[in-house]
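*Asks:* Structure incoming, see below.
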C-alpha cells in the first residue's frame, strides 16, 4: 500500500479454506469464468483434447476479445463432473483466486454475504492482507 492509503478492512487477513466437494462456487447461477489463451491450452491438454476441440465445445468469445468457459443450462460449470472439477489441478486463475475477488472483499458485508453461500469462508487458513491485495490486482485485463 502506498503512503496515505487507508488499510483495507481486512488488514488482519481473512480466513478461507476450500471445503472439498462443496462446489457451490461452481454451480447455480450462470457467470463468466474468464480464461486466458494459455489456460485454454493447458485445460485442453489436461483433458487430452486438441485446443480447438475444447474451445469449440466449452468456450465462448466476447467482442471485447475476452474468452470464458461456458456453463450448462442449469448454470453449472461445463467442467464439473460427478467427482467435482475435472480440471482442478489446472483450473483457471479466477477459480484459484476465489473468494478473493473484488466484488466479494469489497466490504465486510459482501464478504459475509458470500460466507452464507460458501462454508470455507471464515474457516481454515488465514490469508494475509498483502496476499489478498496481490490477488485483487488479478491478471491484466480481468
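*Asks:* Looking at (1) out of contact with any helix residue (DSSP H, G or I) (no Cβ under 7 Å at 6 or more places or on another chain); (2) touching a residue at least 40 places away in the same chain (Cβ under 8 Å); (3) more than 20 Å from residue 11 (Cβ to Cβ); (4) not in a loop (DSSP other than H, G, I, E, B), which one does residue 125 not meet, given that it meets all the others?
*Replies:* (3)
*Asks:* Is it true that some residue in region 23-33 is over 18 Å from residue 115 (Cβ atoms) and in contact with a helix residue (DSSP H, G or I) (Cβ under 6 Å, 6 or more places away or on another chain)?
*Replies:* Yes, some residue in region 23-33 is over 18 Å from residue 115 (Cβ atoms) and in contact with a helix residue (DSSP H, G or I) (Cβ under 6 Å, 6 or more places away or on another chain).
*Asks:* Determine, yes or no, whether residue 92 is crowded, with 17+ Cβ neighbours inside 10 Å, within 27 Å of residue 15 (Cα to Cα) and touching a helix residue (DSSP H, G or I) at 6+ places or on another chain (Cβ under 7 Å).
*Replies:* yes
*Asks:* Given the criterion at pLDDT 95 or above, surrounded by 12 or more Cβ atoms within 10 Å (Cβ to Cβ), under 28 Å from residue 124 (Cα atoms) and touching a helix residue (DSSP H, G or I) at 6+ places or on another chain (Cβ under 8 Å), identify the matching residue among 40, 80, 47, 14.
*Replies:* Just a single option satisfies the conditions, and that option is 14.
*Asks:* Do you know which residues across region 17-37 are at pLDDT below 95 and surrounded by fewer than 12 Cβ atoms within 10 Å (Cβ to Cβ)?
*Replies:* The answer is 20, 21, 29.
*Asks:* For the list (1) more than 19 Å from residue 110 (Cβ to Cβ); (2) touching a residue at least 40 places away in the same chain (Cβ under 8 Å), I need the number of the one condition that residue 60 fails.
*Replies:* That leaves (2) as the condition not met.
*Asks:* Only one residue in 119, 99 is at pLDDT 90 or above, surrounded by 15 or more Cβ atoms within 10 Å (Cβ to Cβ) and in a loop (DSSP other than H, G, I, E, B). Which one?
*Replies:* Going through 119, 99 in turn, just one is at pLDDT 90 or above, surrounded by 15 or more Cβ atoms within 10 Å (Cβ to Cβ) and in a loop (DSSP other than H, G, I, E, B): 99.
*Asks:* Return the residues of region 50-70 that are under 19 Å from residue 101 (Cβ atoms) and in contact with a helix residue (DSSP H, G or I) (Cβ under 9 Å, 6 or more places away or on another chain); say none if nothing qualifies.
*Replies:* Answer for region 50-70, where residues must be under 19 Å from residue 101 (Cβ atoms) and in contact with a helix residue (DSSP H, G or I) (Cβ under 9 Å, 6 or more places away or on another chain): 67, 69.
The values are calculated or read from the model by the stated rules, or taken from the named source; none is laboratory data. What you are looking at is a predicted structure, and each value in this text was computed from that prediction instead of being measured. Backbone-built Cβ (ideal geometry, glycine too); neighbour counts: all protein chains shown.
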